[in-house]
Amino acid sequence: MGRTADAPGYTARVPNTEPFLVPGDDATLESILAAAWSLLERAAAREPEDWRWPVLASVDPGEPERGAADARVVVLRRADARAWTLEIHSDARAGKLAQLRAAPQACLVFHDRARELQLRAWVDASVHEGDAIARRAWDALHASSRRAYLAPRTPGEPTAAPDANQPAGFGARLPDAAESEPGFAAFAAIVLRVRTLEWLRLDRAGHHRARFEPDPAGGTPAMCWLRP
Ligand SMILES: Cc1cc2nc3c(=O)[nH]c(=O)nc-3n(C[C@H](O)[C@H](O)[C@H](O)COP(=O)(O)O)c2cc1C
């Protein structure tokens, strides 16, 4: 049973129209792992899923005065259950790139409010700029996404007045393929190799928490229950 609309402090739970996606009381470790990848793949495929917008946490070795941690929202662009990889995109000039190069061990946090699910993915990040992986990702991007990479100035740069950092000449108009091509120089695809997944599902009848790790040889993943 999920939380109900009359439970104090909670808004009405959005009905889970596809309950098969989230294993219930009879959940097994195998069914949970399958559900986690299924939800990740739906989110990456532009389904209106909360997991499309995870928080990426990274280590900021260059800013000790701000503390060692940094985090921001990103869009999940790809999920590959077989390879245990996820993919996100960024402007290559953004601060997170220097962080991930210096410390590739990062963590993605996914939250699904309606299903009361949290998934944490500890990952090793590899940054791809100007290579075949970046090209494949770039070629699949819609013009509206490509336009962001035409930003003339470095993201995060201080400015005296508000500046949307948009390219001149594309007010409401989207660039065509040729016009957007210069953006490839500022485009980075970040492939995240998953080392550990941790699932947490809140449920009045008893929370479920479990951890999964891929087998380096491609065999059966290691999995275990954790006390919530
Ligand atoms: C809904 C939403 C989606 C976002 N998606 C991305 C994304 O896919 N990639 C990205 O680099 N930044 C994305 N951002 C912006 C980041 O949260 C962040 O502000 C920006 O990347 C600069 O972070 P950095 O300085 O740590 O690199 C998104 C922000 C929001 C609010």
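Return the total of residues in the stretch 96-144 being within 16 Å of the ligand (Cβ to nearest atom), among the aliphatic types (A, V, I, L, M) and in a strand (DSSP E or B).
7
What number of residues within the stretch 162-191 are part of a loop (DSSP other than H, G, I, E, B) and not aliphatic (A, V, I, L, M)?
So the answer is 11.
May I ask you to list pairs of residues, at least six apart or on different chains, whose Cβ atoms are under 6 Å apart, with the first in the stretch 79-108 being more than 30 Å from Thr220 (Cβ to Cβ) and the second being among the charged types (D, E, K, R) and in a loop (DSSP other than H, G, I, E, B)?
His89/Arg77; Ala92/Glu129; Gln99/Asp60
Within the stretch 32-58, restricting attention to residues that are of a type outside the set (A, V, I, L, M) and away from the ligand (no atom under 16 Å from the Cβ), which residue is farthest from Met223 (Cα to Cα)?
Just the residues of the stretch 32-58 that are of a type outside the set (A, V, I, L, M), to begin with: 37-38, 41-42, 46-54, 58.
Applying the additional criterion that residues be away from the ligand (no atom under 16 Å from the Cβ) yields 37-38, 41-42.
Details: Trp37: 14, Ser38: 17, Glu41: 20, Arg42: 23 Å.
Filtering the stretch 32-58 for residues that are of a type outside the set (A, V, I, L, M) and away from the ligand (no atom under 16 Å from the Cβ), the one farthest from Met223 (Cα to Cα) comes out as Arg42.
Of all residues being more than 25 Å from Trp138 (Cβ to Cβ), within 10 Å of the ligand (Cβ to nearest atom) and of a type outside the set (Gly, Ala, Ser) in the stretch 59-95, which is modelled with the highest pLDDT? Just the residue, please.
My answer is Asp70.
Out of (1) in contact with a strand residue (DSSP E or B) (Cβ under 7 Å, 6 or more places away or on another chain); (2) farther than 20 Å from Arg46 by Cα, the odd one out for Ile88 is which?
Going through (1) in contact with a strand residue (DSSP E or B) (Cβ under 7 Å, 6 or more places away or on another chain); (2) farther than 20 Å from Arg46 by Cα one by one, Ile88 breaks only (2).
Has the stretch 165-180 got any residue that is in contact with a Phe, Trp or Tyr (Cβ under 9 Å, 6 or more places away or on another chain) and either among the aliphatic types (A, V, I, L, M) or buried (at least 17 other Cβ atoms within 10 Å of the Cβ) (or both)?
yes
Which of the residues spanning the stretch 18-30 are modelled with pLDDT under 95 and either within 13 Å of the ligand (Cβ to nearest atom) or not in a loop (DSSP other than H, G, I, E, B) (or both)?
Within the stretch 18-30, Pro19, Phe20, Leu21 qualify.
The values are calculated or read from the model by the stated rules, or taken from the named source; none is laboratory data. None of these values were measured; they are calculated from a predicted model. So basically every Cβ, Gly included, is an ideal-geometry build from the backbone, and we count neighbours across all protein chains shown.
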